[in-house]
Amino acid sequence: MPVDVTGARVLVIDDNPVNREILLEQLRSWSFDCAAAESGAVGLAFLDRASQLGAAVDCIILDYQMPGMNGADVAKAISADSRLSAIPVVLLTSVDQVDFGKMVIDFGIAAHLTKPARSAILLGTVISAIQKARAQIGKAQFVREPVVPQAAPVTPPAFTVIRGPAIPAATVPESIATPNGPIDILIAEDNDVNQLVFGQILNGLGLSYRIASNGRTAVEMYRALRPKLILMDVSMPEMNGYEATRAIRAAEAASGNHTPIIGVTAHALKGDRDKCIESGMDDYLPKPVSPDRLGSKIGTWLSETVAVKRLDQIAASRR
């Protein structure tokens, strides 16, 4: 009997932003829970973090032609990691130059499609790969042992940190903030895959954070933790991002404070930006979120916040 794959987690690893967005739109329309990584290193970091938190990824759609680590390099790293080696990998190539048979033997690639892949074929391939992988759970399997040349030293891939100072993988916490202490960032996001993406990026940047899974909780955590900045998903249960922002701005009206709020939207449409600004947000960021873009946004708004507070302190001292 076919295994139901509704809501399965799919990770896209592709350096081309247009390709990533197209694949994410397709996967969302098929009711998959999906996320995207812009490089092999970021994709491996995401998988590492997901494994630490017990959030299993069910399938990986991997582009072959990427700078730095290409698809073969990423597939090799995945197959060599016992936590990840059972995840089916669907390889996408622009040209038919890949020795697919060798990659199946060496790295266990589940399927290979030539771009552009037709929607129906891609959907069928992903479903089949996930169903086969889930059907193997509990059954005896052959274990692929990576072939390592005797003369070559084995160096583990450094992919647990995206940017910033190195943090040992075994000690990376869910958040580097104390449970009830002050934090740098409040993340308001209901999707657990997107929570992983934000958490991995912020850990890499060395920023403390807490996660609220709906708008109402975000407002309560804002009042309790007073974060320096808020990342606000616009589509959440109980209270959406627009409503939560209005509630926070109403609370700030009495105190005179102003916490920067960056709206996170599913699309890069002009109307989405206008809605964010009208609700009281300061800026917006379309998904999929990359480390560089998020880091740039956070740096800009935190710098401005520090500058404004400094000016207020100077003005107060002169009164």
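The values are calculated or read from the model by the stated rules, or taken from the named source; none is laboratory data. Everything quoted here is computed from the prediction, not taken from an experiment. With ideal geometry, Cβ positions are generated from the backbone for all residues, glycine too; neighbour counts draw on all protein chains shown.
Annotations for the structure displayed:
- Filtered residues of region 284-302 (kept if in a helix (DSSP H, G or I), farther than 17 Å from Lys228 by Cβ and touching a helix residue (DSSP H, G or I) at 6+ places or on another chain (Cβ under 7 Å)): Pro291
- Considering residues of region 225-247 that are under 15 Å from Ala266 (Cα atoms) and not aliphatic (A, V, I, L, M) only, the residue surrounded by the fewest Cβ atoms within 10 Å (Cβ to Cβ): Ser235
- Note on region 13-103: enclosed strands (runs of 3 or more DSSP E) holding 3 or more residues that are more than 21 Å from Gln200 (Cβ to Cβ) and at pLDDT 85 or above are 89-93.
- Number of residues in region 183-200 that are modelled with pLDDT under 85 and of a type in the set (D, E, K, R) equals 1.
- The lone criterion from (1) at pLDDT 85 or above; (2) surrounded by 15 or more Cβ atoms within 10 Å (Cβ to Cβ) left unmet by Lys287 is number (1).
- Restricting region 201-224 to residues that are touching a strand residue (DSSP E or B) at 6+ places or on another chain (Cβ under 9 Å) and of a type in the set (D, E, K, R), the residue that is surrounded by the fewest Cβ atoms within 10 Å (Cβ to Cβ) is Glu220.
- Taken over region 259-276, the criterion of being within 18 Å of Val219 (Cα to Cα) and either without any contact (Cβ under 8 Å) to a residue 12 or more places away in the chain or of a type in the set (A, V, I, L, M, F, W, C) (or both) is satisfied by Ile261, Ile262, Val264, Cys276.
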